[in-house]
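All of the numbers you see were taken from the coordinates with simple rules; none came from a lab. Owing to the predicted nature of the structure, the values given are computational and were not obtained by experimental measurement. Don't worry about glycine lacking a Cβ; one is built from the backbone with ideal geometry, like all the others, and counts go over all protein chains shown.
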Amino acid sequence: MSDLFIENWLINNYFWFSKLILFGCLFCLFFNYKSVAILFQKIDRGKWLTLFLIILFSFILRMWVVPHIHHVYFDEFKQSNIAQNMIYNGIFCNTLKGSNKVCEIGELEFWPPGYSAILAIVFSVFGDSEFVAYNFSALIGTA
């Protein structure tokens with residue numbers, strides 16, 4: 001097999017594999033909820049309250065104190081563009097020529113599509129704006 005064939009195959013099929021893996025993980029979590037619940041039953045109420053306050057404080061810091069600007073300037077544009085290509089074109093690539101909805105020429109990125117696939121799912125529900133990407137990043141940062 002040639003490298004070009006493999007690259008084109010990955011560009012066209014990576015997003016479907018990412019969604020399959022994500023839903024597989026959710027499926028396994030759903031059918032093993034008793035095993036997961038046992039882990040959380042060992043935590044007493046005082047620790048739950050402390051844990052809740054820590055998570056709430058970190059969410060407030062991440063959502064309203066940390067500025068919603070590009071911190072890693074180039075990568076953040078690429079992640080958003082890849083997520084847009086996934087929802088509009090169903091392909092995993094960075095646009096070299098075209099727009100955010102039509103990718104005429106693209107390149108395969110060297111990182112796995114996990115974050116981009118999840119961001120694409122979020123974009124398909126809430127729209128493909130930087131505001132959505134920043135707020136999703138704040139939720140991921142809190143987690």
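Kindly rank 92-98, 114-120, 3-9 from highest to lowest mean number of other beta carbons found within 10 Å of each residue.
With the highest mean Cβ count within 10 Å placed first, the list reads 114-120, 92-98, 3-9.
Angle check, please: helix 73-89 long axis (alpha carbons) against the longest principal axis of the chain (alpha carbons), in degrees 0 to 90, nearest 10.
Roughly 80 degrees between the two axes.
Taking the Cα centre as origin and putting +1 on Lys and Arg beta-carbons and -1 on Asp and Glu beta-carbons, what dipole magnitude results for the chain, to the nearest 20 debye?
780 debye
Test of understanding: in a Gaussian network model of the chain with alpha carbons linked when under 10 Å, which of ASP128, ASP44, ASP75 would top the mean-square fluctuation ranking?
Result for the chain, Cα springs under 10 Å: ASP44 fluctuates most.
Quick query: amide H of HIS68 versus all other amide H atoms, modeled in the peptide plane; which residues come in under 5 Å with a sequence gap of 5 or more or a different chain?
HN-HN under 5 Å from HIS68: empty list.
In the set (1) 122; (2) 111; (3) 137, which value of volume of the Cα convex hull per residue in Å³ was calculated from the structure you see?
Looking at volume of the Cα convex hull per residue in Å³ for this model, the match is (3).
What's the FRET efficiency of SER129 with ASN32 using the Cβ-Cβ distance as r and R₀ = 35 Å, to the nearest 0.05?
After rounding, the FRET efficiency stands at 0.45.
Between ILE43, ILE105, ILE60, which gets the highest mean-square fluctuation from a Gaussian network model of the chain, Cα cutoff 10 Å?
ILE43
Give me the net charge of ASN89's neighbourhood, meaning all other residues with Cβ under 15 Å from the Cβ of ASN89; Lys, Arg count +1, Asp, Glu -1.
Once all neighbours under 15 Å are counted, the net charge is -1.
Let me confirm the definition first: pairs of Lys residues in the chain, 8 or more apart or on different chains, C-alpha distance under 29 Å. How many are there?
Lysine pair count for the chain: 8.
When a footprinting reagent is the concern and you count Cβ atoms within 10 Å, what order do SER2, SER129 take, fewest first?
Least crowded to most crowded, the residues run SER2, SER129.
Can you give the local net charge around TYR115? Use residues other than it whose beta-carbon is closer than 13 angstrom to its beta-carbon, Lys and Arg +1, Asp and Glu -1.
-2
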